[in-house]
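A.B. asks: Got a structure here, written out as structure tokens. Questions coming.
The values are calculated or read from the model by the stated rules, or taken from the named source; none is laboratory data. Every value quoted in this text rests on a predicted model; they were computed, and no experiment measured them. Here the Cβ positions follow ideal geometry from the backbone for every residue, glycine too, while neighbour counts run over all protein chains shown. For accessibility, only protein heavy atoms count, side chains too; no ligands or nucleic acids. Shrake-Rupley method; radii C 1.70, N 1.55, O 1.52, S 1.80 Å.
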Amino acid sequence: MVQTEYIQAKGFIAEVSRTNRIKSATIKVEEGTVKVVVPKALAQEKIAKLLTSKNSWIKEKIALHRQMQAASAKQYISGESFSYLGRNYRLKVNIGLYQPVKLLNGRFTVTLLKGTDNPEMIKDSLTSWFKQRAEAKLTDKVKRYAQIMGVEYKSIGIKSYKSRWGSCSADSDIDFNWLIIMAPNRIVDYVVAHELCHLKHHDHSPKFWRELEKVMPDYAASKEWLKSNGDSLQV
Ligand SMILES: [Zn+2]
């Protein structure tokens, strides 16, 4: 288990993980999240110094990410609700030492330093939470369905897609749009079974749908649900 630390820098929060496997630190900005990997024993102040020296590069990357994000109708304030596996949970924003989003006692809570409790920070923290949950849940479901369907896959990935829920490559790599984890369980199952079914048929031919029907007789209802409600799955 990798222990993640959070460092509050000027204008952003960095996720820091430590490892024995590298000799010098690396920084990357993925989807607006700053991720730093450092050698195990590197002092906290050295990390802070590194972040300061890269401050303008990091901020540029974050700004670019925010520009590219579609305007969302959601508000990132206490009281707003977000769906996880089809159930809505309200968000509570606390002020204090940074604590990433948690789902506790039926609500999402996030704690931010005074002055950093802005919508972008809250959205990024929620996004990290949803991506982590998506990875864990989808991995479980893929394992379960692959066994039922008798198929073998190579890898499972979590992606940000604009207009698709999943993909299955010719090399048996399966990727999912993390937003699917907001949908009800049976809809998530449908997307999992659908992508795994592509391991047998790489198209949407009648054979493909007949195969899918074997494991999920009511797949048409889920397909329809996604068509009408897919756009509402937004963080
Ligand atoms: Zn498909």
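A.B. asks: With the structure loaded, tell me whether His204 is crowded, with 21+ Cβ neighbours inside 10 Å and out of contact with any Pro (no Cβ under 9 Å at 6 or more places or on another chain) or whether it fails that test. Quick ask: steps written out before the conclusion?
C.D. replies: On the way: crowded, with 21+ Cβ neighbours inside 10 Å: no; out of contact with any Pro (no Cβ under 9 Å at 6 or more places or on another chain): yes.
Taking the combined requirement at face value, the residue does not satisfy it.
A.B. asks: Of all residues in the stretch 156-184 being within 15 Å of the ligand (Cβ to nearest atom) and hydrophobic (A, V, I, L, M, F, W, C), which is nearest to Glu135 (Cα to Cα)?
C.D. replies: Phe176
A.B. asks: Next up: Answer yes or no as to whether Arg90 is among the basic types (Lys, Arg) and over 20 Å from Lys123 (Cβ atoms). Give the derivation first.
C.D. replies: Numbers: among the basic types (Lys, Arg): yes; over 20 Å from Lys123 (Cβ atoms): no.
It is false that Arg90 is among the basic types (Lys, Arg) and over 20 Å from Lys123 (Cβ atoms).
A.B. asks: So, in the stretch 185-221, of the ones that are more than 13 Å from the ligand (Cβ to nearest atom) and either among the small types (Gly, Ala, Ser) or touching a strand residue (DSSP E or B) at 6+ places or on another chain (Cβ under 6 Å) (or both), which residue ends up farthest from Ser172 (Cα to Cα)?
C.D. replies: Restricting to residues being more than 13 Å from the ligand (Cβ to nearest atom) and either among the small types (Gly, Ala, Ser) or touching a strand residue (DSSP E or B) at 6+ places or on another chain (Cβ under 6 Å) (or both), the top hit is Ala221.
A.B. asks: Residue under question is Glu45, and the condition is that it be of a type outside the set (Ser, Thr, Tyr) and out of contact with any helix residue (DSSP H, G or I) (no Cβ under 8 Å at 6 or more places or on another chain); does it hold? First the steps, then the outcome.
C.D. replies: On the way: of a type outside the set (Ser, Thr, Tyr): yes; out of contact with any helix residue (DSSP H, G or I) (no Cβ under 8 Å at 6 or more places or on another chain): yes.
Criteria met by Glu45.
A.B. asks: Exactly one of (1) farther than 21 Å from Pro184 by Cβ; (2) in contact (Cβ under 8 Å) with a residue 40 or more places away in the chain; (3) in contact with a Gly (Cβ under 9 Å, 6 or more places away or on another chain); (4) open to solvent by less than 70 Å² (accessible area, probe 1.4 Å) is unmet by Glu120. Its number?
C.D. replies: Single failed check for Glu120: (4).
A.B. asks: Here is a check on your reading of the model: is Gln99 over 28 Å from Ile27 (Cβ atoms), of a type in the set (S, T, N, Q) and surrounded by 11 or more Cβ atoms within 10 Å (Cβ to Cβ)? Give the steps one after another, and end with the answer.
C.D. replies: Numbers: over 28 Å from Ile27 (Cβ atoms): no; of a type in the set (S, T, N, Q): yes; surrounded by 11 or more Cβ atoms within 10 Å (Cβ to Cβ): yes.
Taking the combined requirement at face value, the residue does not satisfy it.
A.B. asks: List every residue pair whose Cβ atoms lie under 7 Å apart, where the two residues are 6 or more positions apart in sequence or sit on different chains, the first residue falls within the stretch 212-235 and is farther than 30 Å from Lys74 by Cβ, and the second residue, located anywhere, is open to solvent by less than 60 Å² (accessible area, probe 1.4 Å) and of a type in the set (A, V, I, L, M, F, W, C).
C.D. replies: Leu212/Ala193; Leu212/Cys197; Val215/Met149; Val215/Ala193; Met216/Ala193
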